[in-house]
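> Quick one: structure below, then a few questions.
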Amino acid sequence: MATDASAASEPTGDALGRAMWDYQHDRYGALRYRDGSSAMDGRVEANYFAPRSEWADRRIDQLSTLAEAGGPILDVGCGTGQHVRWFQDRDAEAIGIDVSPRAVATARATGARQVLVGDMFDLPFPADRFRAINCSGTQLGLGGSLAGISSLLDEFARVTTDDAVALVDNYDPRGLDADFFGYRPDPRDGIAHRCFHFEYEPPSDGSSGRAIGASLHFLCCSPDRLREAVGETPWRVARAFEQDDGRFYRALLERTGPDPAP
């Protein structure tokens, strides 16, 4: 596995990863969310490089629950490694995984010690490896459906112990409307969709050209619909934390049973 962003295996469309890498190295261009003719700023600094002094107290409290679980923590979709470094600084063993080689290279450059390239739908770890999982950035919604979320949570269960906890998040469709970027309605109660891709325009300094990422489809589901998906897995929703705007929430999951049958 390569230790820098020049890996030959790097996806040419890794727009978000390239934006992270360039921002870390003071040559950032412009990252945008794109949905058809609509575009929105990618907010690289706010989403991936915000200093801890700007983190909300509730976010720290929720991360502390994972740090107190007493065992290794897996940070799924670790991005720039901001959570991995936070756990490290509290002497908690944390391993980050991200599908983007540039994101992983950026995380290493910022001081995250254990990060690797990998797919959260097929985690490269043995059974019972972790006591906690952090899955932030609404990545759980990439399951694409309630059944897909259940399958992803089964994969999380495979690599965790029977007493593990997990922190996940999502958007609650009851607080969304057509003004929400990438919004797609759904006739089912408590269900909506979000679709977009990333585009990155590097600075005009001789860097490689514009990058266009793959289309992303997120399932947005209310806490009640999340409980439905979780109910088919070895997890339960122990608590749902609604955030200030009423659209976004985090949920603490606890293991309730053995690993799913292979």
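The values are calculated or read from the model by the stated rules, or taken from the named source; none is laboratory data. Quick caveat, the model's predicted, so the values are computed rather than measured. Positions of Cβ are backbone-derived with ideal geometry, glycine not excepted, and every protein chain shown enters the neighbour counts.
> Considering only region 192-242, state which residues are free of Cβ contacts under 8 Å to residues at least 40 places away in the same chain, more than 17 Å from the chain's Cα centre (by Cα) and either in a helix (DSSP H, G or I) or buried (at least 16 other Cβ atoms within 10 Å of the Cβ) (or both).
Matches in region 192-242: ALA192, ASP224, ARG227, VAL237, ALA240.
> Filtering region 99-113 down to residues that are touching a helix residue (DSSP H, G or I) at 6+ places or on another chain (Cβ under 7 Å) and free of Cβ contacts under 8 Å to residues at least 60 places away in the same chain, which residue is surrounded by the most Cβ atoms within 10 Å (Cβ to Cβ)?
ALA107
> Restricting attention to region 140-160, which residues are in contact with a Gly (Cβ under 7 Å, 6 or more places away or on another chain) and crowded, with 19+ Cβ neighbours inside 10 Å?
Listed by number, the residues that qualify are ILE149, LEU152.
> Pairs only if they're at least six apart or on different chains, beta carbon under 6 angstrom, first in region 44-62 and within 18 Å of HIS25 (Cβ to Cβ), second of a type outside the set (Asp, Glu) and in a helix (DSSP H, G or I); list them, first residue then second.
VAL44/ALA19; VAL44/TYR23; TYR48/MET20
> Could we say that GLY13 is farther than 22 Å from CYS78 by Cβ, modelled with pLDDT under 95 and surrounded by 12 or more Cβ atoms within 10 Å (Cβ to Cβ) here?
It is false that GLY13 is farther than 22 Å from CYS78 by Cβ, modelled with pLDDT under 95 and surrounded by 12 or more Cβ atoms within 10 Å (Cβ to Cβ).
> Select from region 68-91 the residues that are small (Gly, Ala, Ser) and at pLDDT 95 or above and list them in ascending order.
GLY77, GLY79, GLY81
> Being touching a His at 6+ places or on another chain (Cβ under 9 Å) and either modelled with pLDDT of 95 or more or farther than 24 Å from ILE95 by Cβ (or both): is that true of ALA56 here?
When the stated conditions are applied, ALA56 does not pass them.
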